[in-house]
Amino acid sequence: MFRTAPAVAPDVVTPLNVWDEPVDLSGLGPLEDALTAAFTTLTGGSIDVGAAVGVGYGFEILPGIDGSTGLVSRLPIALAHVVMDRSTGATVGQVATDWLTENDPPATRARLFTFSLTLFSQLDPNAVQPLLTMPHLIHHIP
């Protein structure tokens, strides 16, 4: 019987899953509730999951066609490495709403908060290896 030699990786191998399409969280309720629901779903309810979360403010410059997202101008607000837990959604939502209150940008058509999320693999707790990247989470500002 012929057998190939075993293959050994020099390090932990982690797949990289990228979801580039915009995901509108507005239908999940108010901002903090929507972020909590999204983060809970994406982490499978696990706590102590490492992640990088970006927060931004944006508004649509040109509307999209047939319900698609149009041309959006984005301004970064915050970026942080966090350990996800049950309060992460509320904390991130509070950062966004505090920025909105403190900076009071002019009310424009189709204002929204933008979020980027990168979840890290838990195979090696000492390594920061991206597992899932979702750079276009959005929540419309009423």
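State yes or no: is Ile77 at pLDDT 95 or above and of a type outside the set (S, T, N, Q)? It is true that Ile77 is at pLDDT 95 or above and of a type outside the set (S, T, N, Q). Working only within region 41-68, note down all residues that are of a type outside the set (Gly, Ala, Ser), on the phi < 0 side of the Ramachandran plot and without any contact (Cβ under 8 Å) to a residue 60 or more places away in the chain. Result: Thr41, Ile47, Tyr57, Phe59, Glu60, Ile61, Leu62, Pro63, Ile65.
Here Ala37, Ala52 are screened, and the one residue that is surrounded by fewer than 16 Cβ atoms within 10 Å (Cβ to Cβ), modelled with pLDDT of 95 or more and small (Gly, Ala, Ser) is Ala37. All conditions but one from (1) assigned to a strand (DSSP E or B); (2) surrounded by 17 or more Cβ atoms within 10 Å (Cβ to Cβ); (3) at pLDDT 95 or above apply to Leu131; the one that does not is (3). Restricting attention to region 36-90, the residues being assigned to a helix (DSSP H, G or I) and of a type in the set (Gly, Ala, Ser) number 4. When Val8, Val12 are screened for being open to solvent by 80 Å² or more (accessible area, probe 1.4 Å) and either outside any strand (DSSP E or B) or at pLDDT 95 or above (or both), only Val8 passes.
The values are calculated or read from the model by the stated rules, or taken from the named source; none is laboratory data. These numbers come from a predicted model, not from an experiment. FYI the Cβ positions are ideal-geometry reconstructions off the backbone, even for glycines, and counts take in every protein chain you see. The accessibility values were calculated without ligands, DNA or RNA, using every heavy atom of the protein model including side chains. Shrake-Rupley method; radii C 1.70, N 1.55, O 1.52, S 1.80 Å.
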